[in-house]
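None of the figures in this text is laboratory data; all of them are computed from the coordinates on show. Computed from a prediction, not measured in an experiment: that's the story for all the values here. Note that we place each Cβ from the backbone using ideal geometry, even for glycine, and neighbour counts take in every protein chain shown.
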Amino acid sequence: MNWLLLVALFGVTVPNGLFIYWLLAEYHGLGAVLQDKLAVAFSILGGLGFSLPFYYWLNVRATARGPA
């Protein structure tokens with residue numbers, strides 16, 4: 001299940017890394033991003049590329065350890 005963590009790490013750094021760079025270096029408001037449908041889709045897919053594998057990994061890990 002370590003491969004899920006690798007997929008989650010890739011999902012948070014690659015697509016979201018571009019958004020974080022833009023936020024820190026070239027931020028002029030969210031209006032420009034919200035008008036660009038490709039940028040919005042890229043942010044959403046990047047977020048899902050991180051959150052879905054990480055959520056699945058957390059649930060598999062909790063199930064393997066048994067009830068608390």
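So which of Val40, Val12 is of a type in the set (Val, Ile, Thr), in contact (Cβ under 8 Å) with a residue 12 or more places away in the chain, in a helix (DSSP H, G or I) and surrounded by 10 or more Cβ atoms within 10 Å (Cβ to Cβ)?
Unique residue meeting the criteria: Val12.
With respect to Gly29, is the statement that it is touching a residue at least 24 places away in the same chain (Cβ under 8 Å) and either touching a Pro at 6+ places or on another chain (Cβ under 6 Å) or not in a helix (DSSP H, G or I) (or both) true?
No: the conditions fail for Gly29.
Failed condition for Arg61, given (1) exposed (fewer than 14 other Cβ atoms within 10 Å of the Cβ); (2) free of Cβ contacts under 8 Å to residues at least 60 places away in the same chain, with all others met?
Among (1) exposed (fewer than 14 other Cβ atoms within 10 Å of the Cβ); (2) free of Cβ contacts under 8 Å to residues at least 60 places away in the same chain, the lone unmet condition for Arg61 is (2).
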